[in-house]
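As structure tokens, the structure follows; a few thoughts come after it.
We did not get these values from a lab; they are worked out from the coordinates using the rules stated. This is a predicted model, so every value here is computed, not measured. Here Cβ is always computed from backbone atoms with ideal geometry, including for glycine, and neighbour counts include all displayed protein chains.
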Amino acid sequence: MENADVFLGLQDFLERMRQPAAADFVKSIKSFIVSFSNNAPDPERDSAAVQAFFANMEAAFRAHPLWAGCSEEELDSAGEGLEKYVMTKLFTRVFASLPDDVKHDEQLTEKMALVQQFIRPENLDIKPTFQNETSWLLAQKELQKINMYKAPRDKLVCILNCCKVINNLLLNASIASNENPPGADDFLPVLIYVTIKANPPQLHSNLLYIQRYRRQSRLVSEAAYFFTNMLSAEAFVSNIDAKSLSMEETEFEKNMEFARALLSGLSTDLDGLSSQINQIAGQDQRELTESRHHSLKMDHAIRPKSSEGKRSSKEDQSSITKIPTISELENRGATILLKEDQPSKVFQDYPYMFAHAGDLTINDVEDLLNNYKQLVFKYVCLLKGSDGASVAFPLSRSQAQPQQHVETVEKSQDNREIVQNIGSQKDTDREDDGPNGISDQENTKSHYLPKEEAAASSEHNHFDISEQ
């Protein structure tokens with residue numbers, strides 16, 4: 001499924017559909033989309049209608065001169081292109097179209113958010129040999145991409161990538177420990193654990209969407225095996241209880257209550273973050289304005305008068321190029337954070353972020369807790385403001401006060417170094433290969449067509465497969 005030939009085949013499909021000889025195909029496809037969209041949602045009927053349309057169209061492709069002499073791979077790619085185009089257009093009409101599906105998504109997301117606060121690999125009877133939570137993060141990352149795409153195949157690829165990462169890690173662990181190759185009994189518990197930790201959005205609706213609208217003739221072999229395991233993982237999480245986690249009932253309920261309190265406290269604390277952000281942003285803006293005003297005065301004072309008239313406008317513009325400060329990065333990240341659908345997930349890696357004083361036993365616990373909260377919040381905002389780049393913890397406001405006498409020139413130099421470090425980190429991220437040895441650039445190709453291909457249209461058919 002991830003073969004590069006599929007991507008090239010999709011391009012070929014677009015080119016063929018823009019030819020005058022494909023006018024009847026284009027008319028049939030667009031007519032189906034319009035008539036389908038005019039009907040009220042009915043998942044069973046909708047799935048049957050889409051599957052029948054795909055089968056009829058693919059049979060027509062085989063008999064048409066446009067595909068005369070084509071290989072099975074090329075014909076298969078034509079079917080992939082058809083599925084991607086049709087389901088992209090119908091996505092908003094068929095995805096999570098029933099209130100029950102939406103409710104199930106919300107309940108599943110909430111349950112995973114609670115359970116992930118206390119679940120451990122041992123609760124799922126995962127062998128110590130196979131426990132590697134750091135490496136499992138790669139699998140979580142792949143699964144969390146599922147809502148980035150609209151085509152059933154693209155969503156399925158996210159699941160397959162996740163499963164393949166897990167499978168490879170288990171296989172390598174068994175080889176290193178001279179144990180038997182992992183079986184289904186070893187694989188499924190890890191997939192369940194990874195799914196809970198990833199908590200992918202709208203998992204239930206995504207699985208139903210793939211089940212209903214992925215071409216049935218292609219949901220076979222390895223794809224069918226891994227997809228079936230994901231269905232099993234979802235069913236397990238939906239019905240998770242004390243017994244399934246090898247816990248006493250009282251312990252399970254206690255953990256769930258603690259998780260609810262933790263997430264509830266996070267929600268309450270987030271309500272007060274907005275005013276804090278505004279206060280921080282206002283104070284930082286005043287400091288920034290004063291700093292820039294002082295810098296301009298200093299620059300004017302030390303600049304030789306004889307050179308003022310000789311500087312070109314281009315040089316003047318270059319001399320005032322804006323370099324983002326720590327405060328600007330924090331404010332930008334705070335704004336992004338408040339707009340997120342699930343801001344609580346951002347703070348889940350900081351176990352004491354919303355703890356209470358009674359939870360700790362050292363002296364001066366309240367001051368320590370308040371300082372920790374401020375430090376974590378400023379750090380997360382900085383990460384958001386720098387597009388997720390890895391940077392060192394910024395100093396808290398109380399720590400920064402003794403250093404306010406530092407010259408403006410030194411601040412500018414520090415900011416330049418931070419920006420350069422962020423740029424270097426981004427370059428490194430772009431060069432890293434994915435968990436399966438496929439670079440991000442190649443992986444993107446497996447999901448998306450180039451914008452120039454999607455935007456191009458024939459004067460005959462105006463056929464477009466872009467995701468609108």
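Work through the residues other than ALA22 whose Cβ is under 10 Å from its Cβ and net out their charges, Lys, Arg +1 and Asp, Glu -1.
Local net charge: +1.
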| note | FRET efficiency (THR228, GLN107; Cβ distance; R0 22 Å; to 0.05) is 0.50
| field | the stretch 1-148 - convex hull of alpha carbons, volume per residue in Å³ | value | 164
| Between GLU248 and ARG93, how many nm apart are label points set 7 Å from Cα along the C-beta direction? | 5.7
| query | So, counting K/R as plus one and D/E as minus one, what does the shell of residues with Cβ under 13 Å around GLU248 add up to? | reply | -2
| Each label point is 7 Å from the Cα along the Cα-to-Cβ direction; what then is the distance between the points at VAL34 and SER238, in nm? | 3.8
| With each pseudo-label sitting 7 Å past Cα toward Cβ, what's the LEU66-ALA48 distance in nm, one decimal? | 2.9
| request: Output the relative contact order of the stretch 99-247, whole-number percent, from Cα pairs under 8 angstrom with separation of 6+ residues. | output: 37
| query | Taking the Cα centre of the stretch 99-247 as origin and charging only Cβ (+1 Lys, Arg; -1 Asp, Glu), how large is the dipole, in debye to the nearest 20? | reply | 580
| Which entries in LYS103/LYS254; LYS27/LYS145; LYS111/LYS141; LYS103/LYS150; LYS103/LYS164; LYS197/LYS254 show an alpha-carbon gap greater than 23 Å? | LYS103/LYS254; LYS27/LYS145; LYS103/LYS164
| request: Please give the FRET efficiency for GLN117 paired with GLN19, using the beta carbon to beta carbon distance and R0 = 41 Å, rounded to the nearest 0.05. | output: 0.15
| field | At q = 0.12, 0.14 Å⁻¹, base-10 log of I(q)/I(0) for the stretch 99-247 (Debye sum, equal scatterers on each alpha carbon) | value | -0.48, -0.65
| request: State the extension gain, in nm to one decimal, for the chain segment bounded by GLN216 and SER177, taking 0.36 nm per residue of separation less the distance between their alpha-carbons. | output: 10.1 nm
